[in-house]
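> Quick one: the structure is below, and I'll ask about it shortly.
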Amino acid sequence: MSDVSTQDVMDVLKQVKYPGFDRDIVSFGLVKNVQVEQGKVSFVLGFSTQDEQTREA
């Protein structure tokens with residue numbers, strides 16, 4: 001199994017579209033603090049909407 005890099009994670013997250021838009025969550029600047037340590041990936045999603053339905057989508 002090959003090692004996963006933070007760039008690999010970002011590339012995958014670029015495929016996740018922001019609800020209601022054609023852009024991805026990375027291009028909107030929502031993905032923060034991507035870390036890959038000992039085979040575990042973590043990151044923070046920062047939403048700028050107060051709409052509960054959008055945050056849960």
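> At what distance in nm do the modelled label points of Phe28 and Val16 sit from each other, each positioned 7 Å from its Cα along Cα→Cβ?
Here the answer is 1.1 nm between the modelled labels.
> Please list, short to long, the whole-number percent of alpha-carbon pairs of the stretch 6-47 in consecutive 5 angstrom bins beginning at zero.
With 5 Å bins starting at 0, P(r) equals 6, 24, 33, 21, 11, 4, 1.
The numbers here are math on the coordinates, done by the rules we state, and not lab data. A quick note: this is a predicted structure, and the numbers were derived from the prediction, not measured. A quick note on method: Cβ atoms are made from the backbone with ideal geometry, for glycine too, and the neighbour counts reach across all protein chains shown.
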